[in-house]
Amino acid sequence: MAHLEYRDRRLESRPDETVLDACLRQGVALPFSCRGGSCHSCLCRSDDPVPERARRGLRPDLAAKGYFLPCVCVPEGDLRFEPPRPDDLTIRAVLQSRTWLSPEVCRVVLEPFTVLDARPGQHVAVRRDAQRVRRYSIANAPAAEGVLELHVKRIPGGAVGEWLCETLAIGDELDLLGPDGGFVYAPSHPEQPLLFVVTGTGLAPALGVIRDALEQGHRGPIHLYHGSRHAEGLYQDAALRALATAHPGVHYHPCLSSLEHDADGVRAGRAHAVAAADLADLAGWRVHLAGLPAMVTTASALFRSRGVAEADLVVDPFEPPSAHPVADAVAAHVVEAAAPTTAEVPQPVPDPELWAALDAGAKLMPILEEFYGRVFEDPLLSPYFHGSTRQRAIEKVYSFLHQVFTGNKVYFGDRPRNAHHWMTISNELFDYREDLFFAVVRRHGVPEPVIERWREMQARYRPDIVKSAPWPKMLDGVALPLDGFGTMTIDVGSVCDGCAGEIHAGETVRYHLRLGSTYCPGCADATASAGAAG
C-alpha cells in the first residue's frame, strides 16, 4: 500500500489502484475527463519516481520536471504530488502580423517573448482563457526567424481561431503552451525519399518540415499531396507550385475529392488514394501524414502495406483529445474557469423521411451495434466510456435519434450539452467520431443523400459538445457543481465503488457529484483519519 500526499491531504492507495482513483475514493476532487491517459486534464507534478506509463505522451521537458498523469499512474511507492506550476506551462507572445491565405485560412505570425526550442512541424497551443485553448502547427523555422507562423482555419463562432484571425489586435499579447510533437525532419537521412500526404491546414506542419529539409540540404525527392474537397482548400496552391519550380526535387500534387477527372494540374480524388496510385512501392520512404484523423488512420494502414517501416511513419492527426496536452490541466488546476455558455442548441425539426430510410429504426440498431463495437476498441474514443457499457450507449443513442427523427417523446436522458458536459472534446475529435460513424452508416447501405442530411443534423450539436475543458451540468438554468463530493443517507443497500464492500440501508455515504460513484463510511473514515493525521 502506497502513501500519497496531495497539497495538505494524506491518502492511501490500494494495490493496482491509480492515483486518480485513490483520490476520488478518498474525497480529493482532482480534475479529470477521459481516465485513460488521452486528454491530460489530470496532469500533476511530483519529485518522486512514477511508472514510465504515467509520463507517456508528455512533452520531454514536462516529463523531466516531474509531470505525470494520475489517471494511469499506479504508484510503486509513496508519492507526494502537486498541481501544475503555471510558469512551467505557459509562454507569453505578441501578435506580430496576419495575412489571409484564402477566405478560410489566415497566416498568423506570433513573436514569443523568450527563445523557444521549437522545430518546424511541431505545434503550440494558443490559450485565450482557461476554457478556450487550441493547437496549431508551426509552418516555419522559429529558431532561425524568431517567430511562429501558424495557419489558422477560421470557423464561424470558433473559440480561438476567429479571435486570432479577427478580434486580436496587432501588438496584443497572448499565452502559448508548448512546443510539442514529433512531426519533424530527420536530417540523418538526407537521401531518403520523403512523402507528405495532408488535408486542410495539415499543410502547415508539412510545409514547416519541407522548408527545414530544403534548408538543411535534403537531396532525396520530396512529394507533397495536399487534399481538399473544394479548390478554396488548396490555399497555398500558387506558392507551392512556385516552390516546386524553384526546387526540382520537390513535387507538388494538389488533389480535390470533388473532381471526377484531373484538370488544370489538379488531381481528382482523395490525397492518400492519389498518392497510393502513383507510388506502388514505398519501402525506404519516410512518410508524413497530417490533417483529418480518418485520413491519417486510413493512409497509415495503406502505406504500411506498401512497405513503409513503422519508424518512418510520422503522423499528426488533428485531434488531441485535448487541444494541447497540458491545456486542460492549466484550466482545471490553476486558473478559475470562464463561465461556459448556458444556451443549448435548439432541437432540430423532425425528419420522418430519415427515419423511414432507416426502415423505421430497423437499420439503426445494427449500425449502432457495429459503431459502438468499434468505439469501445478505439484508443481515442474508448476512454470516454470508462465505467459504462456498450449496450447502454447503444440504447441511449437509439432512443435519442428516434426522438430527433420522428418527434416522438421516447428519450428521457440528458440533451447533448449535459450528456457531454464533462468530456474534453476537440473539433478534430468530434470530426473523427463523425467520420467513423458515417463510415459504418455507409457500409450498411444507407443512401448518400440520407447520409448528408443525417450528418448535417448531428453537426448542429457541435457547439454543445466541443470544448477544451469540462463544463458544469445545467439544470433549469443553474450550473451544478462540476466536481466534488456530497453526502447522503441511502434507503436501499448498495456496494461501495471504492472497496467493493457492502453498504447497508440507513448508512451515510459520500458520492462523487459528476460520476455518481458511491463510497462507504469505511472509505470516508479512512480519509478523515488520514486528513487528521496530516
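In segment 204-261, which GluC sites (Glu not before Pro) are in a loop and have at most 11 other Cβ atoms within 10 Å, using DSSP for the loop call? Please report the intermediate quantities before stating the final value.
Working: sites: Glu215, Glu232, Glu260; in loops: Glu260.
Listed in order of number, the matching sites are Glu260.
Kindly provide the Kirkwood hydrodynamic radius of the chain in Å, to one decimal, from all pairs of distinct alpha carbon atoms.
Across the chain, the inverse of the average 1/r is 25.2 Å.
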Going fewest to most other Cβ atoms within 10 Å around each Cβ, Asp281, Asp351 line up as Asp281, Asp351
What does the helix-only formula give at 222 nm for the chain: each DSSP H stretch with n ≥ 4 adding -39500 (n - 2.57), the total divided by the residues, and the result rounded to the nearest 500 deg cm²/dmol?
-> -8000 deg cm²/dmol
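Taking the beta-carbon count within 10 Å as an exposure proxy, list Val115, Val28 from fewest neighbours to most.
The order, fewest Cβ neighbours first, is Val115, Val28.
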Computed magnitude of the charge dipole of segment 194-317 (debye, nearest 20; Cβ of K, R +1, Cβ of D, E -1) | 120
For the chain, with +1 on Lys and Arg beta carbons and -1 on Asp and Glu, the positive-most of Ser97, His230, Ile367 along the dipole | His230
Simple Cβ-charge dipole of the chain, Lys/Arg +1 and Asp/Glu -1, about Cα centre, in debye nearest 20 = 360
Roughly what angle does helix 293-305 make with the longest principal axis of the chain, taking Cα atoms, 0 to 90 degrees, to the nearest 10?
-> 70
Length gained if Val495 through Arg304 is fully extended, taking 0.36 nm per residue and subtracting the Cα-Cα distance, is 64.0 nm
What number comes out for the charge environment of Trp355, summing +1 per Lys or Arg and -1 per Asp or Glu over other residues with Cβ under 14 Å away?
-> -1
Filtering GluC sites (Glu not before Pro) in segment 109-183 by DSSP loop and by at most 14 other Cβ atoms within 10 Å leaves none
Cross-link reach list, lysines versus Lys153, counting only Cα pairs under 19 Å and skipping chain neighbours closer than eight places = Lys467
Around Tyr372, what is the net charge, scoring Lys/Arg as +1 and Asp/Glu as -1 over all other residues with Cβ under 14 Å from its Cβ?
-> 0
Can you list the lysines whose alpha carbon is less than 27 Å from that of Lys473, not counting same-chain residues fewer than 8 positions off?
-> Lys396, Lys409
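Only the coordinates and a few stated rules stand behind these numbers; no lab work does. As the structure is a prediction and not an experimental result, all values here were calculated from the model. Cβ sites come from the backbone with ideal geometry, for glycine too, and all protein chains shown count toward neighbours.
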